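Q: The structure under discussion is supplied below as structure tokens; questions concerning it will follow.
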Amino acid sequence: MAFMEKPPAGKVLLDDTVPLTAAIEASQSLQSHTEYIIRVQRGISVENSWQIVRRYSDFDLLNNSLQISGLSLPLPPKKLIGNMDREFIAARQKGLQNYLNAITTNHILSNCELVKKFLDPNNYSANYTEIALQHVSMFFRSEPKWEVVEPLKDIGWRIRKKYFLMKIKNQPKERLVLSWADLGPDKYLSDKDFQCLIKLLPSCLHPYIYRVTFATASESSALLIRMFNEKGTLKDLIYKAKPKDPFLKKYCNPKKIQGLELQQIKTYGRQILEVLKFLHDKGFPYGHLHASNVMLEGDTCRLLDLENSLLGLPSFYRSYFSQFRKINTLESVDVHCFGHLLYEMTYGRPPDSVPVDCFPPAPSMAVVAVLESTLSCEACKNGMPTVSRLLQMPLFSDVLLTTSEKPQFKIPSKLKEALRIAKECIEKRLVEEQKQIHQHRRLTRAQSHHGSEEERKKRKILARKKSKRSAIENNEEQSMKYNNSNNSAGSGASSPLTSPSSPTPPSTAVEHAPF
């Protein structure tokens, strides 16, 4: 698919990572309940907004579903008596707005299906598990040796990616995991190239890439099978989580926040950087690094989900790096995402916000040096270092890797060219989005500055000065006109009688004639 080519008819390729904001515009009281009219907006464009109507019971239902996260969310309490009073409704509306702000500014909650369906029912009304099951069932018609053990419900953060625990019929003790994913907004490969590249993934051998057992694709989705790892991902290790638990339960509110040991940080970090360099050298776009996409096998990290960039899926951290115009290539995206991952390994939790102004105490100043080069204000403003530069930094340069496995990933020249073009298209969309965000931010700052109390005072003072100056100038002008008029009258005899600007009456001319 060429850049900006329209998707197939009926296919909506939404970027699910674009933030939704919600503001309660009004409330209306009916016979026994109150409805709240909410304006929801996707991204920065005011045109891309819509109204929804929700009752308190809808908020309560959503909140009950989000309890799995373990977070204490600020939903106003129920009230059975006096809940139609005007003052109560105003106070509740304010409380519900605070609740909306809390869920839309939480990175994990804002991306979950429950919140998306609550705020945008038109675009998120489908049953994605049912859609995935239909595609998986079609696959099993031609591949009868596989069998579904159970669905792994909500173990990932993506709305349009589903997982199933599998087994091979003649090897019932082995467990595998099947992942099925729909297309995303950055799918720029032709259908033929897309399917060829997906089927190449099982041939990719690298000590730090998790092996794909089987891969296939249709024109609208991809299906991959890997071995199931009971110990889970790097994020499961950091959060002491069970791999089969839902994403919200595992990662929203960890019971114990504790970073990894320094040697683990150094070893895992070096391994991840090595595989990123390998992919960059191959011209294979990644852009999806985060702790849940790193599988752990003993002391070895193995990267997951290489298919995401081929499918055109947006990155977990897109809403972060789309704010910074210098992070505009997939290589720089990987480096920035590595900064997020390193922060999580070091402190046991993600940063509160990015850029990070001040880093907490770390096991080594060498860790802080890498974090500053990827997450600080200066780094986000001026650009990311290369993966090669990070490998040379003291934190990783002395790490010895003992693997003897030789990397292999042969990509035909024609497909390399297709990857290069697709990568450029992905980066063009990112740059355009960053430009729009930058312009919107400048306009918002200007409007905020213009509307500030200090600016209003300045404008009042300037207006008074201008009015005073204008009054003085008017007085001077009137005075000059009066003087000119008198002078003109006093020297009328010397003026030519034919002058159209100062005609002299005959009687006046005679009166002032010389003797």
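Q: For the stretch 103-253, what is one quarter of the convex hull surface built on the Cα atoms, given in nm²?
A: Values: hull surface 42.1 nm².
Mean projected area of the Cα convex hull: 10.5 nm².
Q: Per-residue accessible area for W157 at 1.4 Å probe radius, Å² rounded to 10?
A: 40 Å²
Q: Can you give the accessible area per residue of the stretch 128-441, in Å², using a 1.4 Å probe?
A: Using a 1.4 Å probe on heavy atoms only, each residue of the stretch 128-441 averages 44 Å².
Q: Report in % the part of the accessible area of the stretch 20-119 that belongs to carbon and sulfur, leaving out ligands and nucleic acids; probe 1.4 Å.
A: The nonpolar share, carbon plus sulfur, comes to 52 percent.
Q: Magnitude of the Cβ-charge dipole of the chain, K/R +1 and D/E -1, about the Cα centre, nearest 20 debye?
A: With Lys and Arg at +1 and Asp and Glu at -1, about 500 debye.
Q: In whole angstrom, how long is each semi-axis of the equivalent ellipsoid of the stretch 280-376, when you take the square root of 5 times every eigenvalue of its Cα gyration tensor and sort them from largest down?
A: 22, 18, 12
Q: For the stretch 318-361 and the stretch 241-289, compute the distance between their C-alpha centroids and round to whole Å.
A: 13 Å
Q: For the stretch 84-91, just list the computed ³J(HN,Hα) in residue order, Karplus coefficients 6.51, -1.76 and 1.60, θ = phi - 60°, integers in Hz, with x standing in for Gly and Pro.
A: In residue order, the calculated couplings are 10, 5, 4, 5, 5, 4, 5, 5 Hz.
Q: Extent of the stretch 347-475 along each principal axis, from alpha carbon coordinates, in Å, largest to smallest?
A: Between the extreme Cα coordinates on each principal axis of the stretch 347-475 lie 93, 46, 24 Å.
Q: If you take the charge dipole of the chain about its Cα centre, with +1 on Lys and Arg Cβ and -1 on Asp and Glu Cβ, which of V333, V40, L310 is farthest toward its positive end?
A: Ranked along the dipole, the leading option is V40.
Q: On to the next question. Considering every Cα-Cα pair within the stretch 19-155, what fraction, in whole percent, is farther apart than 21 Å? Mind showing how you got there, number by number?
A: Details: 4821 of 9316 pairs.
Percentage above 21 Å: 52.
Q: Enter the angle in degrees (range 0 to 90, nearest 10) between the Cα long axis of helix 128-142 and the first principal axis of the Cα atoms of the chain, meaning the one along which they spread out most.
A: Computed tilt is about 40 degrees.
Q: With viscosity set to 0.692 mPa s and temperature to 37 °C, compute the Stokes-Einstein D of the chain, Rh being the Kirkwood radius across alpha carbon pairs; µm²/s, no decimals.
A: Answer, rounded: 120 µm²/s.
Q: Could I ask something else about it? If packing is taken as the average count of other Cβ atoms within 10 Å, what order do 118-127, 356-365 fall into, highest mean first? Present the calculation step by step, with values, prior to reporting the outcome.
A: Details: 118-127: 14.8, 356-365: 12.9.
Ranked by mean Cβ neighbours within 10 Å, highest first: 118-127, 356-365.
The values are calculated or read from the model by the stated rules, or taken from the named source; none is laboratory data. Values in this document were obtained by computation on a predicted structure and should not be read as measured data. In this analysis, Cβ positions are derived from the backbone assuming ideal geometry, glycine residues included, and neighbour counts consider all displayed protein chains. Heavy atoms of the whole protein, side chains included, go into the accessibility calculation; ligands, DNA and RNA do not. Shrake-Rupley method; radii C 1.70, N 1.55, O 1.52, S 1.80 Å.
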